[in-house]
Each structure stands twice: as C-alpha cells, then as structure tokens.
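Asker: Handing you a structure now.
Every number in this text was worked out from the coordinates using simple rules, so none of it is lab data. Keep in mind that this is a model prediction, so the values were computed, not measured. When we count neighbours, we look across all protein chains shown, and the Cβ atoms used for this are built from the backbone with ideal geometry, even at glycine.
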Amino acid sequence: MLKRFRLHADAVLLFITDHAVPFTNNLGERAVRMPKVKQKISGCFRTVIGAENFCVIRSCLDTLRKQGHGMLEVLLAAFNGNPIQLAA
C-alpha cells in the first residue's frame with residue numbers, strides 16, 4: 001500500500017490543494033450501502049430488471065437529494081405525474 005501511495009501521491013493528496021475534492025469516499029460508500037442492505041434483507045433481487053429498476057430509482061433520488069431537493073417533494077411530484085428533472 002505504501003508503494004502505491006508513493007506512486008500516486010498527487011492523486012491521493014489532491015484534497016489538500018483542491019477543496020472541491022472530499023477527504024473521504026463516504027459519498028460513494030453511501031451510494032452503495034442501500035442496495036447492499038436491500039440485498040441482505042431480502043436475500044437477493046428477484047429479477048435482473050427489478051435490480052436495475054431499483055438502482056435507477058435510487059440513483060435519481062440520491063442525485064436529486066444532492067441537488068437540494070426534498071425527498072417528499074420529489075416523490076410526491078413523481079406520483080402526481082410531474083417528476084422533477086435532473087439538472088444537467
């Protein structure tokens with residue numbers, strides 16, 4: 001690990017000079033956590049299409065949350081046939 005750290009020190013320490021780069025990868029870990037919890041609770045996804053749909057919905061909700069939208073607002077709009085569009 002030390003060898004790899006030395007080889008990629010600029011990338012590993014980028015958060016020091018670029019404050020837009022987070023110190024940890026917690027956002028990535030949080031994004032993966034919910035599908036993993038769902039898989040553990042129910043044992044598995046029943047179909048590949050069901051797993052893909054779950055991932056698309058979670059991805060959209062997570063992106064909208066990061067853009068500052070409230071989840072209740074987003075879900076109500078979606079169920080009322082007027083979904084909030086993701087910002088480009």
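Yes or no, residue by residue, for (1) in contact (Cβ under 8 Å) with a residue 24 or more places away in the chain; (2) part of a helix (DSSP H, G or I):
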site	(1), (2)
Phe23	no, no
Glu29	no, yes
Met34	yes, yes
Lys38	no, yes
Ile41	no, yes
Arg46	no, no
Ile49	no, yes
Cys55	no, yes
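Asker: So which pairs qualify, if the first residue must be in region 71-88 and of a type in the set (Asp, Glu), the second must be surrounded by 10 or more Cβ atoms within 10 Å (Cβ to Cβ) and not in a helix (DSSP H, G or I), the Cβ gap must be under 8 Å, and the two must be at least 6 apart or on different chains?
Answerer: Cβ pairs passing all conditions: Glu73/Ile84.
Asker: Output the number of the condition that Gly50 fails; it satisfies all remaining conditions of (1) surrounded by 11 or more Cβ atoms within 10 Å (Cβ to Cβ); (2) within 17 Å of the chain's Cα centre (by Cα).
Answerer: The number of the failed condition is (2).
Asker: Return the residues of region 53-88 that are over 16 Å from the mean Cα position of the chain (by Cα) and of a type in the set (Phe, Trp, Tyr); say none if nothing qualifies.
Answerer: Once the filter is applied, which keeps residues that are over 16 Å from the mean Cα position of the chain (by Cα) and of a type in the set (Phe, Trp, Tyr), region 53-88 yields only Phe79.
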